[in-house]
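Down below is the structure, laid out as C-alpha cells.
The values are calculated or read from the model by the stated rules, or taken from the named source; none is laboratory data. On a predicted model such as this, the values are computed, not experimentally measured, just so you know. No Cβ is skipped: glycine too gets one built from the backbone with ideal geometry, and neighbour counts run over all protein chains shown. Each accessible area value is taken on the protein alone, full model and side chains, heavy atoms only, with ligands, DNA and RNA left out. Shrake-Rupley method; radii C 1.70, N 1.55, O 1.52, S 1.80 Å.
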Amino acid sequence: MGRRNDPTAKAASLRAGVARALGVDAAALFSETPTPCVCLLNAGSQGFLAISPAQFAEIVASLGPAVVSSWMPLARSFSFVLFDSPEDEAAALPAYHGAAVPQLPGGKPRTGLAAYVRAEHLPNAPASFSGGVAMSALDRVPGLQCVHEFVSADEEAALVAAIRGLPEEEWTHIHYGFEYVYDAFALTRGRAFPPFLAALHERLRPYLGGHLPTQATVSIYPPRAGIPPHVDIPEFGPYLVSLSLASGCAMDMRHAESGESAGSVYLPPRSLVVMQAA
C-alpha cells in the first residue's frame, strides 16, 4: 500500500498537524492507549474535508450514547469528542476510525481517522467541553486568559440587538472613547460610549487593572471573515479585553518579533478574552 493510501501514515501526519495548529507538543497531546477524549483528525469546519455543524452532529450521534460532549473548533480541520470513560471511547472508535464515513465530502466514501487525546493538554476548550479538559490559558502566552460566559444569553441577545440598531453605514468597525490619530501619532477624544457599552464598564474593571475602559471598537465580521495578525496600539495601555458575541472564533497567537506561532485560542460565544502586556 502506498503512503498516500496508508491510513496509519496519514493519521500520523494529521496528528502532527493538529498539535502544530494548537501550539502543543504532539507527544504530550496524543496517547497510544485509550483515553476519554478522541480527536477526529479529518472532520472539521475547514479544510479539504470540511463539514457543516449538522454533519458533525450526525458523526457524534453515530458514536453512541456514551458521548459526554463534542467540540468542532472554528476554522480548523479537526474536532474532538469526549466520552464517559476510556472503555466507552475504545468501544465507539471503530464507528469512525478506519470506517467509511458518509458525512465526509468528496463524492465517494471517505475513511475516518482518529486518535486518542489527553484532554488536559487541549488549550482553551469551550466551557461546554468540560469533564477533565483544562480551561486555563495557553501557557505559551503570558498575560492571556479566557473568561467563559462573561455575559448571559439574554445579555448577548440585547447587545447584538443594540449593535444591529447602529447606523448601517458605520458597520464593520465603530470606535468609541479615545481614538488614535495616525497622522499625529496621538490620542484624541472621540464619541461617547453608548449606554449598552457603558453598562459593562464596572464589570470589566477587574480585568483592566482596576481601570475603566477608555476606548472601545465594535467590529462586525461576516461568517468566515477575519483579520490578519497585528499588534494593538500600546498608547491605550497594557490591558485589552474582547467580548465575542453571536458566534465563536479561533484566535491565532504569534510572537510579535519572530512571527513564531504560539498556538490558537478558541473563543466561544459570550466569552471575554483578556490580554495583559507581559
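Listing for the model above:
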{"item": "Prolate/oblate/rounded call for segment 20-109, Cα gyration tensor, a/c under 1.5 rounded", "result": "oblate"}
{"item": "Three principal axis lengths of segment 181-278 [C-alpha, angstrom, descending]", "result": "35, 34, 27"}
{"item": "Cβ-derived FRET efficiency at R0 45 Å, Ala277 paired with Ala90, nearest 0.05", "result": "0.50"}
{"item": "Among Phe193, Phe185, Phe56: highest mean-square fluctuation, GNM of the chain, C-alpha pairs under 10 Å", "result": "Phe185"}
{"item": "With every protein chain in place, the chain: carbon and sulfur % of accessible area (1.4 Å)", "result": "55"}
{"item": "Point-to-point label distance, Lys10-Glu169, nm (Cα→Cβ direction, 7 Å offset)", "result": "5.4"}
{"item": "Label-point separation, Ala184 to Leu245 (7 Å along Cα→Cβ), nm", "result": "3.0"}
{"item": "Answer label, with volume of the Cα convex hull per residue in Å³ calculated from the coordinates and candidates (i) 144; (ii) 162; (iii) 184", "result": "(ii)"}
{"item": "Length-normalised contact order of the chain in % [C-alpha pairs under 8 Å, at least 6 apart]", "result": "19"}
